[in-house]
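Student: Supplied in structure tokens, the structure appears directly below.
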Amino acid sequence: MLKFFFVGLWCVGLFIQGAGLVLFLFFRSRRHRQPQSPYPRVNLIKVCYQAIDNEEENFDSCFHQDYPGELTVHFAVSSLCDPIVPIIQSYLARYPEGVGRLLVSETRRGFWKKVDALYDAHHAIEADIVIWSDSDVVMQRAYVSQMVGALQEPGISVVTTPQMDIRVTGMAGAWKSLANNADIATLVAFFDSITPYKRIGFGHSMGFWKAEFDSFGQKAWDILNRFLADDQALPYIFWCNKKRVVFRYFDCPVEFSYKTLKQVWSQKVRWLLAQKIGSPSNVLYLFGFLLYPICLSFIGLCILGHAFLPFFLCACLVRIVVSGIVEYSIGGLGVWGRYFWLIPFWDIMQVYFCVRGFFSRTFTIQGRTFRLVDRYFLEDVP
């Protein structure tokens with residue numbers, strides 16, 4: 001009976017892998033709507049911190065957008081002493097037409113300086129559409145036009161782009177990015193197709209109508225100031241106000257170069273709580289590893305013995321092939337060719353990640369410890 005249970009879940013997992021991949025390729029190939037006149041004023045807010053993600057090149061894409069309307073880029077920092085400031089200033093000198101501006105945030109209300117910087121930038125701009133974009137994003141020329149076109153569709157309030165990692169260097173970065181990209185192309189794309197009302201997003205790329213957000217009043221910023229993650233808070237605020245959040249698969253990947261194993265591990269541990277609040281319930285999150293055929297068949301192999309070995313090998317092969325197709329579609333086939341064998345190890349670790357995330361209530365970052373309360377919000381741990 002136990003074997004039939006494992007085989008049944010294993011088949012469901014493989015179906016999600018295959019169906020998700022087909023949906024992902026369809027979503028990426030779909031023709032995106034172009035912006036319609038009159039063109040809304042757009043402000044692109046990039047909160048910047050340090051200079052560790054090839055910003056010297058990534059920022060250049062902000063100044064070469066093909067958007068036909070008014071576009072302004074605000075680079076928001078928390079201190080003029082930040083090493084990213086000279087890089088920003090060099091771009092402002094290179095493009096003096098007024099497209100880019102530097103803003104130094106002085107607000108200190110939220111748990112995260114990033115949210116404080118977003119607050120100051122938001123209140124300093126005049127725009128119809130606001131786009132939050134991280135400093136490690138590599139935008140294609142059509143990105144802003146595609147974002148505006150999507151937001152002009154009737155009934156859409158927020159557009160967010162599932163995150164893909166590119167320019168990966170080294171084994172540590174590949175260990176996370178290959179599996180993460182495959183998850184986006186399978187799990188995220190599959191659930192995107194069956195969930196019309198979303199309350200999660202991806203912080204590297206989120207666009208929304210400024211007037212709608214402002215209509216929520218100060219309460220929206222109170223939520224952002226206390227929320228675990230800004231990329232989860234913004235969609236959650238719109239969702240609570242019965243506004244529609246959608247995923248659009250624009251080509252705006254994230255730089256993931258020169259990451260150490262410690263950085264990858266710390267990032268994943270920090271994301272555990274953010275991923276948990278995006279789950280419909282904590283119990284479903286706990287058993288989320290059952291969606292991974294490799295993970296499930298590995299458990300079956302440990303419990304039922306060698307009889308489950310063919311299922312484990314088949315799951316590894318399917319997952320590696322799916323990852324290869326995804327990497328080919330985003331130009332990462334070279335990294336896949338060197339490190340594809342790491343994918344099963346990441347998937348097997350999902351048991352640990354899900355169990356740790358389920359029981360975790362606190363995390364530490366930059367020497368400061370936080371506790372999660374009421375599912376979504378933070379408080380300091382003395």
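Every read-out reported here was derived from the displayed coordinates using simple, explicitly stated rules and does not represent laboratory data. Keep in mind it's a predicted model, so treat the numbers as computed, not measured. Cβ: placed from backbone, ideal geometry, glycine included. Neighbour counts: every protein chain shown.
Student: Starting with the fewest neighbours, write out 107, 160, 260 ranked by other beta-carbon atoms found within 10 Å of each beta-carbon. Intermediate results must be reported in sequence, preceding the final value.
Tutor: On the way: 107 16, 160 26, 260 11.
Fewest-to-most Cβ neighbours within 10 Å comes out as 260, 107, 160.
Student: Go ahead and collect, in residue order, the members of the stretch 324-350 whose backbone nitrogen is under 18 Å from a label point 7 Å along the Cα-Cβ direction of residue 263.
Tutor: So the set is 335.
Student: Take every DSSP beta bridge whose two residues both sit in the chain, then give the antiparallel share in percent to the nearest 5. Before the final figure, lay out each step's value.
Tutor: On the way: 18 of 39 bridges.
Antiparallel: roughly 45 percent of the beta bridges in the chain.
Student: List the extent of the Cα atoms of the stretch 32-259 along each of their three principal axes, largest first, rounded to whole Å.
Tutor: Rounded to whole Å, the extents work out to 44, 43, 37 Å.
Student: Sticking with this structure for a sec: With a cut-off of 16 Å, note down the residues of the stretch 155-185 whose backbone N falls inside the zone around a label point 7 Å from the Cα of residue 244 toward its beta carbon.
Tutor: The answer is 155-160, whose backbone nitrogens lie closer than 16 Å to the label point.
Student: Considering the Cα trace of the chain, what is its radius of gyration and what is Dmax, both in angstroms?
Tutor: Every Cα atom of the chain included, Rg and Dmax give 21.1, 70 Å.
Student: Taking the Cα centre as origin and putting +1 on Lys and Arg beta-carbons and -1 on Asp and Glu beta-carbons, what dipole magnitude results for the chain, to the nearest 20 debye?
Tutor: Details: 37 positive and 32 negative charges, 231 e Å.
So the magnitude is around 1100 debye.
Student: Further question on the same structure: Find how much the distance from residue 368 to residue 4 grows on full extension, using 0.36 nm per residue of separation minus their present alpha carbon separation; answer in nm with one decimal. All intermediate terms of the calculation are to be shown ahead of the outcome.
Tutor: Numbers: separation 364, 0.36 × 364 = 131.04 nm, distance 4.68 nm.
Going from the current span to full extension adds 126.4 nm.
Student: Can you list the lysines whose alpha carbon is less than 24 Å from that of residue 242, not counting same-chain residues fewer than 8 positions off?
Tutor: Leaving aside lysines fewer than 8 places away in the same chain, those within reach of residue 242 are 198, 210, 219, 276.
Student: By counting other Cβ atoms within 10 Å of each Cβ, how are 270, 319, 248 ranked from fewest to most? Please report the intermediate quantities before stating the final value.
Tutor: Values: 270 14, 319 26, 248 23.
Fewest to most other Cβ atoms nearby, the residues stand as 270, 248, 319.
Student: Report the FRET efficiency, 1/(1 + (r/R0)^6), for residue 171 and residue 270, where r is their Cβ-Cβ distance and R0 is 25 Å, rounded to 0.05. Before the final figure, lay out the partial values.
Tutor: Details: r = 21 Å, r/R0 = 0.83.
Efficiency, from the Cβ-Cβ distance: 0.75.
Student: What residue among 88, 142, 164 has its Cα farthest toward the positive end of the dipole of the stretch 76-168, where the charges are +1 on Lys, Arg and -1 on Asp, Glu, each on the Cβ?
Tutor: Positive-most Cα among the choices belongs to 88.
Student: Given points 7 Å out from each Cα along the Cα-Cβ axis, report the residue 140 to residue 107 separation in nanometres with one decimal.
Tutor: For the pair residue 140/residue 107, the computed spacing is 3.3 nm.
Student: Here is a follow-up. If each residue of separation counts as 0.36 nm, what is the full-extension length gain between residue 212 and residue 64 once their alpha-carbon separation is subtracted?
Tutor: 50.5 nm
Student: Continuing with the same structure: Please arrange 128, 165, 374 by counting, for each residue, the other beta carbons lying within 10 Å of its beta carbon, fewest first. Write down the numbers at each step before the final one.
Tutor: Numbers: 128 17, 165 23, 374 8.
If I rank by nearby Cβ atoms, fewest first, I get 374, 128, 165.
Student: In straight Cα distance, which aspartates and glutamates are under 20 Å from residue 113, not counting same-chain residues fewer than 8 positions off?
Tutor: 53, 55, 82, 134, 136, 222, 230, 231, 379, 380
Student: Determine, from the Cβ-Cβ distance of residue 36 and residue 72 and an R0 of 25 Å, the FRET efficiency 1/(1 + (r/R0)^6), rounded to the nearest 0.05. Walk me through the numbers before you get to the answer.
Tutor: Numbers: r = 20 Å, r/R0 = 0.80.
The computed FRET efficiency comes out at 0.80.
Student: Moving to a separate point now. Looking at the stretch 32-259, send over the antiparallel percent of its DSSP beta bridges, to the nearest 5. It would help to have the intermediate numbers written out before the result.
Tutor: Values: 9 of 30 bridges.
For the stretch 32-259, the DSSP antiparallel bridge percentage is about 30.
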